[in-house]
Amino acid sequence: MAELKTPYKILEIPIESTEEEIRHAYAQHLWTMTIMLGLDGKGFLDEPMLVLVDRVAKHELDQLLRHTELEGALIAAQAAESAKDWGQASAAYSELLSSLPDNGELLDRVGMGQANDGDLDGARTTYDSLVASKPNSAVYWSHFAGVLEKAGEVEQAEDALKKAAACGPKEPSYFLNLGRHRRSRKQFSEAEGLIDIAVKAGELMGWQAIDPLFEYLVLHILAREPGKLEADAERIRPHVPTDDDGRAASFCAAHFYRLAQEVETVGGDQDARELIRLGKTFAAPTGAMVGWVASMEASGQAPKAKGIGCRGRGAVGLCVGIELSFRFWAGVGPRASRVGDGYALRVSFD
C-alpha cells in the first residue's frame, strides 16, 4: 500500500520534534541527498526544511496530519500529483477542505494543482485567500510569487517575495529569491546586497551556506566582472567539508564545470576556462566532463578575444544557460516541483 509522504518522513523525525531537532535532522539528511541529487544537477533540498521552520505552514501541516482519518484521501491526492494529473490532485485537495476548512496546507496544494494545470486565475484566487487568512507564512507568500511570475505579473511577484522575506525566520532562500529577481532585471548591486543577506542567514545552516555563495559566481559573470571570480571561489572553499573522501569537493567542482559549459556555449570561452581553472582547485573533472575540459584547455593555447561573452545574442543565451545550470528543486515526491528561471526554492508551475 502507498505511504503518505510528509516532510517529517523525509527527515525521519516525529511530528513532535522541536525546531532545534528539525534543524539538526535536516543538517544530517541534506548532505546525503545533495550528493544523490546534486551531482545530477538537481541542486539542494530545502522545501521540507522551509515548511517545518515556518511556524504558520508547520501548524497547518501538523493540523492536517493529526486528522488520521484523512490519510487515505491524502495518499490518493499525492498519487494524482505524482502522476501529474494536476486537475485531479487539485480536486482531491479541494474535497478534503470540506473536512478541514481553511487549512493552509490543503489550500497551498489546491493552488499548486491549479497553477500546474494552467488555471492561473484560479490559482491566484486560491493564494489571495490563503495569504489573506495566513499572512505570516513565508512559504505561502513564496509560492504565491511563483504563480504571479508565471502569470507575467513581475512587480507583484517581487512584492510577494518581499513579504516572504519579511515573515522570517531569516532563511536564506527567500533573500536569494529576491536577489535572483533583481539579477534578472540587471540590478546587480541590489542583487549582491540581497545575496550578502542570504549568506549571513545561511551561515546558521551549515552546508546550505554553499548555495548562496555560488550565486556570486553567476552574478559576477552576468555583471561582466570576471576579475571577481577567484575571490568568489575562495568564499566557497572554507565551507567545503574535507572529511568525506572528497565527495563535497567533487560536488563543488562539478558546479564550476557545468557553469563553464553554459558560458562557453554562448561564446564566453575565456571565462569558461577561468571557471575550469577554479573548479580544478577543488577537484579534477570526472566522467564525460574530462574530455570537454581537456579540449577547452587545449583551445586556450590559441589567442582568444577578451570578454565574458555576455553581449548581444550571447547575453541572452548566457542568462538562460546559467539559469538552467542553477535550477533548484524544492522537495521530494509530490513537492518536487522544478524551480523556474530567476527563482529558487519556491514552486514554479510548468
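Derivation of every value follows stated rules applied to the coordinates shown; laboratory data play no part. The shown structure was predicted, so the numbers you read here are calculated from the model rather than taken from an experiment. Neighbour counts are summed over all protein chains in view; Cβ atoms, including those assigned to glycine, are modelled from backbone coordinates with ideal geometry.
Based on the Cβ-Cβ distance from Lys200 to Asp243, what FRET efficiency comes out when R0 is 22 Å, to the nearest 0.05?
E(calc), rounded to 0.05, equals 0.30.
Legend: residue pairs Lys5/Lys163; Lys163/Lys200; Lys5/Lys162; Lys58/Lys150; Lys162/Lys186, Cα-Cα distance threshold 21 Å; pairs beyond threshold, Lys5/Lys163; Lys5/Lys162; Lys58/Lys150.
Working note: Karplus 6.51/-1.76/1.60 with θ = phi - 60° gives region 79-96 the couplings 4, 5, 4, 4, 7, 6, 8, 5, x, 5, 4, 4, 5, 5, 5, 4, 5, 5 Hz, where Gly and Pro are set to x. Across region 139-144, rounded Karplus estimates of 3J(HN,Hα) from the backbone phi angles (6.51 cos²θ - 1.76 cosθ + 1.60, θ = phi - 60°) give 4, 5, 5, 5, 5, 4 Hz, Gly and Pro being marked x. Full extension of the chain between Ala132 and Ala73 yields a length gain of 18.6 nm, computed as 0.36 nm times the residue separation minus the alpha carbon distance.
In a fully extended conformation the segment linking Glu12 and Arg66 would gain 17.7 nm over its present Cα-Cα distance, using 0.36 nm per residue.
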